[in-house]
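Presented below is the structure to which this report refers.
The values are calculated or read from the model by the stated rules, or taken from the named source; none is laboratory data. All of these numbers come straight from a predicted model, not from anything done at the bench. Every residue, glycine among them, receives a Cβ derived from its backbone with ideal geometry; neighbour counts consider all protein chains shown. Just the protein is used for accessible areas: all its heavy atoms, side chains included, with ligands, DNA and RNA removed. Shrake-Rupley method; radii C 1.70, N 1.55, O 1.52, S 1.80 Å.
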Amino acid sequence: MEIITKQSPQGCNNICPTPPPLPGPAMNCRRKGSATKGNSCALTATRDLWDNLFDRGYRADVTIRTNDGGIIYAHAGVLGMASPVLRGMLKQAKGVGHKRLISIHGVQHDAVRVFIRFLYSSCYEQEEMKELVLPLLVLSHAFVVPQLKRICEQQLENSLLTLDNVVDVFQLSLLCDAPRLVLLTHRMILRNIKAVSATEGWIAMKRSHPALEKEILESMIYEEQMEKERIRKLNERKIYLQLYEAMEALVHICRDGCRTIGPCDKDLKDDQKPCTYEACKGIELLVRHFAGCKLRVLGGCIHCKRMWQLLELHSRLCADSGSCRVPLCRIKSRNNLRRMR
């Protein structure tokens with residue numbers, strides 16, 4: 001038996017009614033009778049007019065067959081203007097008299113009904129969108145309705161994407177040419193790989209598309225390697241910044257002096273302004289240790305080794321060794337510094 005919607009062709013008057021204005025931008029429709037202000041009343045009336053034209057099927061000239069024998073009545077002019085694919089199907093459609101018959105299979109009847117209704121009024125109910133967002137995404141891509149496709153993508157990005165459906169959405173976004181949705185779902189899968197791999201969607205993908213599962217796992221390994229490389233570079237940068245700050249503090253101590261330590265020709269005062277070099281205190285302690293350490297002659301003190309390394313690094317990078325007051329800065333040769341140790 002056929003499933004017939006509440007639509008039915010009506011009226012056979014000879015006087016054609018004035019067609020309603022074209023639908024406005026897409027929106028989540030309010031319920032009929034909701035309060036409106038200003039010009040929004042006219043917009044609501046226009047949407048209601050288009051919805052009534054679809055629901056009642058007044059002078060419909062197209063019959064759409066769906067899964068399980070369902071039937072939806074529509075108007076060729078509306079379908080042809082809204083979708084170039086439907087326009088081509090209508091040109092090739094066969095029918096009796098002025099009635100033409102087309103078929104839309106592969107998705108449930110309700111999804112086709114919501115899709116055709118959107119072509120009339122550019123409206124949708126949020127509950128229907130929540131339940132049918134995936135078949136609507138497929139229909140909007142297959143019949144080239146970019147406005148509805150963008151809405152489906154936004155709905156999935158904002159609230160409808162879950163761990164249970166992320167694998168299905170990922171596969172559909174690949175088929176429906178939705179690159180932003182592909183990226184979002186792929187990242188979500190990688191972040192929650194343990195939970196996602198236990199879902200029915202992952203098991204079905206593993207069974208039907210093993211190559212896609214392999215690509216996801218390989219990309220996860222690549223992401224882990226990239227994260228390790230990022231952490232390594234951050235650590236290297238941190239070390240470079242620490243060395244730079246240490247050399248700046250060393251030059252500051254040897255040239256200007258800092259509170260209790262500095263060159264012999266500087267008059268150091270306890271009440272001078274606080275030092276702005278964060279590494280200055282540590283370098284000061286290192287210089288004081290270096291000056292009085294007895295193990296450095298034997299090369300057995302790790303603190304003295306660090307001081308030698310800092311002096312060597314400064315001597316290699318200093319651009320004005322002739323007037324630089326850092327000890328041993330004029331000695332550019334690494335071998336010379338090693339011999340002095």
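Data table
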read-out	value
Per residue value of the accessible surface for segment 56-154 (all protein chains in place, 1.4 Å probe), Å²	45
Fully extended contour minus Cα-Cα distance, from residue 305 to residue 147, at 0.36 nm per residue	50.1 nm
Label-point separation, residue 240 to residue 59 (7 Å along Cα→Cβ), nm	7.4
Cα-projected label distance for residue 293 with residue 316, points at 7 Å along beta-carbon direction, nm	1.9
Carbon and sulfur %, accessible surface of segment 72-140 computed with the full protein complex present, 1.4 Å	56
Where labels lie 7 Å past Cα in the beta-carbon direction, separation of residue 94 and residue 207 in nm	3.8
Per residue value of the accessible surface for segment 193-243 (all protein chains in place, 1.4 Å probe), Å²	81
Estimated FRET transfer efficiency (residue 193, residue 46; beta-carbon r; R0 41 Å; 0.05)	0.30
Pair-distance profile P(r), taking every C-alpha pair of segment 53-206, with 5 angstrom steps and integer %	2, 9, 18, 19, 18, 12, 9, 7, 4, 2, 1, 0
Entries in 233/294; 91/130; 149/206; 130/228; 214/238; 206/233 that, when Cα-Cα distance is taken, lie over 31 Å	233/294; 91/130; 130/228; 214/238; 206/233
With every protein chain in place, segment 156-253: carbon and sulfur % of accessible area (1.4 Å)	57
